[in-house]
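Peer 1: Just passing along the structure, written as structure tokens.
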Amino acid sequence: MSAPTLSDIDDAMEMQSIPVGYRDTPQDEEDDDEDTFSDDDEIDELGMIAASSPQPNQKNPALKRHSYLTYIFAGLAAIVVLVEVLRGKDGSLSLNARTKATSDDLSTSSGTTGDNLIIEFTVANLRTNSANCSHVGKMLQCIPQHNNATNKFRIELHKSWAPIGVKRFQELTEANFWDDARIFRVVPNFVSQFGISSYPDVQKYYDSLGNLKDDKVIGSNKRGTLTFATSGRNTRTTQLFINTADNKFLDKQGFSPIGEVIPAGDGYGSMDVVDEMYSKYGEDPDQGMIKEEGKDYLEEKYHLLSYFVTAVFV
């Protein structure tokens, strides 16, 4: 199902009935009880290792006890080996274990606990200031021409609004999913949409996890709120949009905001930064091609698109 055109948007906004964020190839709806994580990654249990020993002499109880102790110590050694395999040199979980970690594990290890989480985004290729940006290591420093704000803005996630959506967004942030992600659909005074990885293998992995169940609509789609895109009931994956206008008519369509852009502070801007995201390409970028070819397609065809350099919890 293709994304709505600009004329479609105008017509739909008049009717106050528009599904935002239709993907080119939306996935089928999943059952409500579908888990978003795969069970294929289960780690095989390591069996007990029994050391070879002579048959115990029934006339020698001490030798029989020694044999039992041998089995016990061998089993303990196997457990120690399993623990070491699952842990890296720095004591952190290995890659396979990280893949299976829950969001609660991630939040505990990173300090991102509490009801509300704040994430700072650094944006490259803002509309009016590409000539005023320079890289300092991985960080890009820019000064938008219209004011003295930086090229950073912050989003506060509200678990009380949408716990399922916030959990997924937190997991994606912890995994650095947003690095190099393009804001590929920018419709001024409507939405700025992102959420397809510039790395096809990464996107395939998250697509394989399945769709999210819907959250109840508690927050409203007013300007500055962050909401998952959807192509129908229970079809949320990794795509989201920031409302750049009051789109409260989307509330009745089931679009549940998960957070909002917060006011500017020391060293970061607010919606003034979001409004500077490059919009000249409109809805031209092909979402299917982004998934298939990633950065190669984007840099060849749409090199001016704004994109996230980093997204980190603060």
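The values are calculated or read from the model by the stated rules, or taken from the named source; none is laboratory data. Please read these numbers as outputs of a predicted model, since none were measured by experiment. Note that we place each Cβ from the backbone using ideal geometry, even for glycine, and neighbour counts take in every protein chain shown. When the accessible area is computed, the model is the full protein with side chains, heavy atoms only, and any ligands, DNA or RNA have been set aside. Shrake-Rupley method; radii C 1.70, N 1.55, O 1.52, S 1.80 Å.
Peer 1: Using a 1.4 Å probe, what is the accessible area per residue for segment 215-303, in Å²?
Peer 2: 41 Å²
Peer 1: Rounded, prolate or oblate: which fits segment 240-314, taking a ≥ b ≥ c as square roots of the Cα gyration tensor eigenvalues, rounded meaning a/c under 1.5, else prolate when a/b beats b/c?
Peer 2: oblate
Peer 1: What whole number of Å gives the distance from the Cα centroid of segment 164-241 to the Cα centroid of segment 262-314?
Peer 2: Each part's Cα centre sits 13 Å from the other's.
Peer 1: So what J values fall out for segment 237-245 if you push phi through Karplus, 6.51 cos²θ - 1.76 cosθ + 1.60 with θ = phi - 60°, rounded to Hz, Gly and Pro as x?
Peer 2: Each residue's phi maps through the Karplus curve to give 10, 10, 8, 9, 9, 9, 5, 9, 8 Hz.
Peer 1: Hey, any idea what % of segment 191-300's accessible area is carbon plus sulfur with a 1.4 Å probe?
Peer 2: Percent of accessible area from carbon and sulfur atoms in segment 191-300: 46.
Peer 1: Provide T173, T150 ordered by accessible surface of protein heavy atoms (probe 1.4 Å), highest first.
Peer 2: T150, T173
Peer 1: Moving on. Roughly what percent of Cα-Cα pairs across segment 152-225 reach past 14 Å?
Peer 2: When all Cα pairs of segment 152-225 are counted, 70 percent exceed 14 Å.
Peer 1: Can I ask one more? Would you mind counting up the charge near T244? Only other residues with Cβ under 10 Å from its Cβ, with Lys and Arg at +1 and Asp and Glu at -1.
Peer 2: Counting the neighbours of T244, the net charge comes to -1.
Peer 1: Less than 15 Å Cβ to Cβ from G267, Lys/Arg counted +1 and Asp/Glu -1: what total charge do the surrounding residues give?
Peer 2: Computed value for this residue: -1.
Peer 1: Under 11 Å from the Cβ of V217, count the other residues' Cβ atoms, weight Lys and Arg +1, Asp and Glu -1, and hand me the total.
Peer 2: Here the count lands on 0.
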